[in-house]
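This is the structure, below, for whatever I ask next.
The values are calculated or read from the model by the stated rules, or taken from the named source; none is laboratory data. Quick caveat, the model's predicted, so the values are computed rather than measured. A quick note on method: Cβ atoms are made from the backbone with ideal geometry, for glycine too, and the neighbour counts reach across all protein chains shown.
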Amino acid sequence: MIACVQMKLRAEDYRTEESFAARIMGIMERIRVEAGEGRLLVAFPEHIGTFCILSNAPERVWAKGSFAQASKALLLHHGAAVLHQMVVHRVSPVRALLLARSQELERIYLSPFVAAARKYEAWIVAGSAALRWGQTSRVFNTAPVITPTGQVIYRQHKVNLVDMEQKGGLDLEPAPLNYVSAVQSPFGPLGVAVCLDAFHPEVRQRLQGLGAKVFIQPSANNHPWDDWQQQDWLRSSFAAVAENKEFELAVNPMLVGRLWDIEFEGQSSIIDQNGHVVQAQSATEEEILIRKDLLN
């Protein structure tokens with residue numbers, strides 16, 4: 001059984017760590033009830049964990065009128081810790097904020113997924129988040145893979161960054177290509193390519209060479225889902241599986257909804273070598289795509 005989660009971004013789900021946990025557990029409960037018993041693989045969208053940096057923030061942060069204003073208020077709220085990271089690591093204020101909040105962000109983000117994996121006996125690709133790499137000053141867009149025992153067995157770091165993730169935005173770091181690997185699972189080897197990475201032949205070729213059979217593309221598209229974008233999107237998972245037969249199956253969960261003035265659109269899909277097995281009906285609303293008998 002496979003579930004592809006088109007999750008809708010809502011401010012109320014990130015106000016506290018409890019609200020985020022309730023959101024993830026609610027989605028997973030719904031999936032398990034609909035899926036019934038048996039092996040289960042669930043894939044969530046890109047960056048759903050990044051916004052956990054806002055969890056437990058004071059009301060003055062949430063009262064701002066734009067994401068940029070809220071981010072500035074959050075920087076000021078953690079001013080001393082941010083300044084310390086800036087001085088020690090010689091990084092930008094945004095990177096310093098991510099470093100200062102790294103342990104808390106990772107705990108708030110991953111704890112619900114670990115608990116859900118155990119409770120609902122599922123393999124979960126938990127979307128992604130801007131996570132610190134060890135104790136370094138490096139922050140990657142990272143997609144964790146979690147087993148039904150609650151073990152985070154792998155973290156895939158994004159290689160190719162979009163504008164929102166680069167110096168003028170989140171100030172993340174692109175991972176080297178040799179950080180890309182396949183993950184052994186009961187469903188076959190999993191290859192995770194975070195959003196834009198799925199468009200790049202060198203990432204796909206590396207995963208194919210490592211034996212990946214199931215291609216998972218957690219995505220967050222912050223552009224209008226117009227005709228051009230829909231056509232262009234076919235260059236990623238669809239081309240890899242339906243056209244080039246590089247993998248047996250692709251799962252592309254997409255983030256939708258808005259937070260302040262940042263908006264995401266897209267149609268999630270499950271793709272086999274014959275084309276779309278199923279695709280979300282809406283590019284703006286939450287949907288969960290569940291299919292049986294795709295992974296033997």
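Residues of region 103-134 being farther than 19 Å from Arg32 by Cα, surrounded by fewer than 19 Cβ atoms within 10 Å (Cβ to Cβ) and basic (Lys, Arg), which ones?
Arg107
In region 1-33, which residues are of a type in the set (S, T, N, Q) and either surrounded by fewer than 21 Cβ atoms within 10 Å (Cβ to Cβ) or in contact with a Lys or Arg (Cβ under 6 Å, 6 or more places away or on another chain) (or both)?
Thr16, Ser19
Also, I was wondering about something else. Kindly establish whether Ser19 is over 23 Å from Phe140 (Cβ atoms), in contact (Cβ under 8 Å) with a residue 60 or more places away in the chain and of a type in the set (Ser, Thr, Tyr). It would help to see each step written out before you state the result.
On the way: over 23 Å from Phe140 (Cβ atoms): yes; in contact (Cβ under 8 Å) with a residue 60 or more places away in the chain: no; of a type in the set (Ser, Thr, Tyr): yes.
When the stated conditions are applied, Ser19 does not pass them.
While we're on this one: For region 67-102, which positions are among the small types (Gly, Ala, Ser), under 24 Å from the mean Cα position of the chain (by Cα) and surrounded by fewer than 17 Cβ atoms within 10 Å (Cβ to Cβ)?
Ala68, Ser92
Oh, and also: Might you check whether a residue that is aromatic (Phe, Trp, Tyr) and assigned to a strand (DSSP E or B) occurs anywhere in region 256-279?
Yes, the conditions are met somewhere in region 256-279.
Would you mind stating whether Gln156 is over 21 Å from Ser71 (Cβ atoms), in contact with a Gly (Cβ under 8 Å, 6 or more places away or on another chain), buried (at least 16 other Cβ atoms within 10 Å of the Cβ) and at pLDDT 95 or above?
no
Of everything in region 58-92, what is under 18 Å from Gly169 (Cβ atoms) and among the basic types (Lys, Arg)? Give them in sequence order.
Lys64, Lys72
Ala122: out of contact with any Asp or Glu (no Cβ under 9 Å at 6 or more places or on another chain), at pLDDT 95 or above and among the small types (Gly, Ala, Ser), yes or no?
The answer is yes for Ala122.
Which residues, taken from region 255-276, are under 29 Å from Lys245 (Cα atoms) and surrounded by fewer than 20 Cβ atoms within 10 Å (Cβ to Cβ)?
Listed by number, the residues that qualify are Asp272, Gln273, Asn274, Gly275, His276.
State yes or no: is Ala220 crowded, with 20+ Cβ neighbours inside 10 Å, of a type in the set (A, V, I, L, M) and within 20 Å of Met164 (Cα to Cα)? Walk me through it before giving the result.
Working: crowded, with 20+ Cβ neighbours inside 10 Å: yes; of a type in the set (A, V, I, L, M): yes; within 20 Å of Met164 (Cα to Cα): yes.
It is true that Ala220 is crowded, with 20+ Cβ neighbours inside 10 Å, of a type in the set (A, V, I, L, M) and within 20 Å of Met164 (Cα to Cα).
Still on this model: Inside region 175-207, can you point out the residues that are part of a loop (DSSP other than H, G, I, E, B) and within 16 Å of Lys158 (Cβ to Cβ)? First the steps, then the outcome.
From region 175-207, those part of a loop (DSSP other than H, G, I, E, B) are 175-176, 180-181, 184-189, 193-194, 200; that's our starting set.
Ala175, Pro176, Val180, Ser181, Ala193, Val194, His200, listed by residue number.
Okay, moving on. Need pairs with beta-carbon distance below 8 Å; first residue among the aromatic types (Phe, Trp, Tyr) and within region 205-217, second in a loop (DSSP other than H, G, I, E, B); sequence gap 6+ or separate chains.
Phe215/Ala193; Phe215/Glu246; Phe215/Phe247
Consider region 34-66. How many of its residues are assigned to a loop (DSSP other than H, G, I, E, B), hydroxyl-bearing (Ser, Thr, Tyr) and surrounded by 15 or more Cβ atoms within 10 Å (Cβ to Cβ)?
Adding up the residues that qualify gives 1.
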